[in-house]
Amino acid sequence: MKLPVCFFCFLFSLTLAAQTVWGAGLLSGDDIDFELFINDRFHFFNEFFDSGRKKFNQDRNLHIFYINSSITSLLGPHIQGVLEVEAELIYDLDSDDFDDDLEVRNAYIQALIPGWNWMTFSAGRHAISTMGGLIYDDEAPALRLQADLERGFEWPFKFKAFVAEVENDSPYIHAELKYNFSFLESVTFSYGWFRDTNDGVARIFNYLEEERIYRSRGRMQWFGFSVRKFLGDALLRAAFIYEKGSVRLRQKKTGSTTMQMRGYLIDVNCDYSFSDSFSMSLFFYLSSGDNRPEKGTLRSFISIDPYVDKTNIFFNGGIDSQFSSDNVGLNGIQLPGVMTPGLAMDCRIGKNAWIKTVFAYLFTHKGTGGEGHIYGWEADFMGYYNLSDNLQLFAELNVFDPGDYFKKITSHRDHISTEIIIGLNYFFSN
């Protein structure tokens, strides 16, 4: 048996042992919380986009076993520790190969500020999501401060800020202020600053040139505004992010040049519930693009490590995005930008079943200089069925039809990319 398999068996045994101990009442108390989540799924890709070959020819059949376990414990009167670890074992059914991934999502100490019980400070590795995940959604070592001003001064404000190290010598600073004018309604102002030393912008140009001839270093800023507001019975969720910065782009044998960065992102959702069992959401997503970056200003919107859940193939949403496996699709990152109107519907069938469908039309924000303007359309179907209080069956079917933007890659052929996922979820907590 390979070492990764032995390690995952050990981790699985450890989490099940912890469940047994809690279930038997050998450990209890309000000062310790334990949670265990297990996912076992089969994942089938057909005619997926291969970014290395730039072709829609990737077929993969995978069996994926995922474990997430977390524990929160009081370490003192005002101090608690948080530890969350996730592990994933991937078995390729075609090549008979194993791959594994182990991530520490959270490992930090959190303390109340003495005398100010409305303010907390934490240090360690954090799972971080900023500006709705549109800028960053990953784990990183960070120092974080959170303040609930309503508890301290009866002001309906919440504030949080952190300093994180995303990559070596690449700090990320983020701060946001939220005003709640009702229980579910709020306005949030956000700011982010990032020093990129990991060739973030160069990746775009290397992709266009089909070889790694560029390196880049830059500084980026994001100014965000988001709102949640009921308009009658409809809930409006909207976000606007403006990006500015500069980057020094270096090319082998030809020196370097400095480029300005100016981009923006708009994300609008309107949710309406027709009944307790059926709801609908209209959405529009736009990330700005550029067709002539060589002019000296790059107007494509650039994030650090975003999570966009509008669709499951072109972006990185879907059931699979809840776990620690990278989607092999396009991930929505394109130089000419993306515009996506779409419709999502949620339907609950009885007490135990739930179905969600998404339909989206995807096209470029800027002209592409010879390529078409249509990325294509996508239809996604997801469903859950609760077998018991702790066990859940789920399935997902996603279909993407590339448009004329990919006409060279598909050689003008009719083409459909599909993704099928089916599996089981298991939940446990003390």
| said: Could you check segment 240-295 and list, in sequence order, the residues that are over 21 Å from Arg195 (Cα atoms) and aliphatic (A, V, I, L, M)? | reply: Ile266, Val268, Met280, Leu282, Leu286
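Here's the yes/no breakdown for (1) within 23 Å of Asp404 (Cα to Cα); (2) modelled with pLDDT under 90; (3) in a helix (DSSP H, G or I):
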{"position": "Ile302", "(1), (2), (3)": "no, yes, no"}
{"position": "Asn316", "(1), (2), (3)": "yes, yes, no"}
{"position": "Ser321", "(1), (2), (3)": "no, yes, yes"}
{"position": "Val328", "(1), (2), (3)": "yes, yes, no"}
{"position": "Asn331", "(1), (2), (3)": "yes, yes, no"}
{"position": "Gln334", "(1), (2), (3)": "yes, yes, no"}
{"position": "Thr340", "(1), (2), (3)": "yes, no, no"}
{"position": "Leu343", "(1), (2), (3)": "yes, no, no"}
| remark: So, first residue of a type in the set (Ser, Thr, Tyr) in segment 188-201, second residue assigned to a loop (DSSP other than H, G, I, E, B), Cβ within less than 7 Å, six or more apart or across chains; the pairs are Thr197/Asp169
| note | The strands (runs of 3 or more DSSP E) lying wholly within segment 185-297 that contain at least 3 residues that are touching a Phe, Trp or Tyr at 6+ places or on another chain (Cβ under 6 Å) are 186-196, 214-231, 234-251, 255-275
| task | Check off (1) aliphatic (A, V, I, L, M); (2) surrounded by fewer than 16 Cβ atoms within 10 Å (Cβ to Cβ); (3) assigned to a loop (DSSP other than H, G, I, E, B) for Ile409 and give me the number that stays unchecked. | result | (2)
| request: Could you please tell me which pairs satisfy a Cβ distance under 9 Å, a separation of 6+ or placement on different chains, a first residue in segment 247-259 that is under 8 Å from Arg215 (Cα atoms), and a second residue that is loosely packed, with under 15 Cβ neighbours inside 10 Å? | output: Leu249/Ser256; Leu249/Thr257; Leu249/Thr258; Arg250/Ser256; Arg250/Thr257; Gln251/Ile213; Gln251/Thr257
| Segments classed as strands (runs of 3 or more DSSP E), wholly inside segment 89-161, with at least 2 members that are exposed (fewer than 15 other Cβ atoms within 10 Å of the Cβ) | 97-113, 116-130
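Do the conditions hold for Asp199, that is, is it among the acidic types (Asp, Glu) and either surrounded by 20 or more Cβ atoms within 10 Å (Cβ to Cβ) or closer than 30 Å to Gly296 by Cα (or both)? Lay out the reasoning, then the answer.
Numbers: among the acidic types (Asp, Glu): yes; either surrounded by 20 or more Cβ atoms within 10 Å (Cβ to Cβ) or closer than 30 Å to Gly296 by Cα (or both): yes.
Yes.
Only one residue in Phe121, Phe65 is modelled with pLDDT of 90 or more and under 21 Å from the mean Cα position of the chain (by Cα). Which one? Full working, then the answer.
Details: Phe121 fails: under 21 Å from the mean Cα position of the chain (by Cα).
Only one candidate passes the filter, namely Phe65.
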| said: Among (1) touching a Ser or Thr at 6+ places or on another chain (Cβ under 6 Å); (2) over 21 Å from Leu343 (Cβ atoms); (3) exposed (fewer than 15 other Cβ atoms within 10 Å of the Cβ), there is one condition Ser226 misses while meeting the rest; what is its number? | reply: (3)
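The values are calculated or read from the model by the stated rules, or taken from the named source; none is laboratory data. None of the values given here were measured: they were computed from a predicted structure. Cβ: placed from backbone, ideal geometry, glycine included. Neighbour counts: every protein chain shown.
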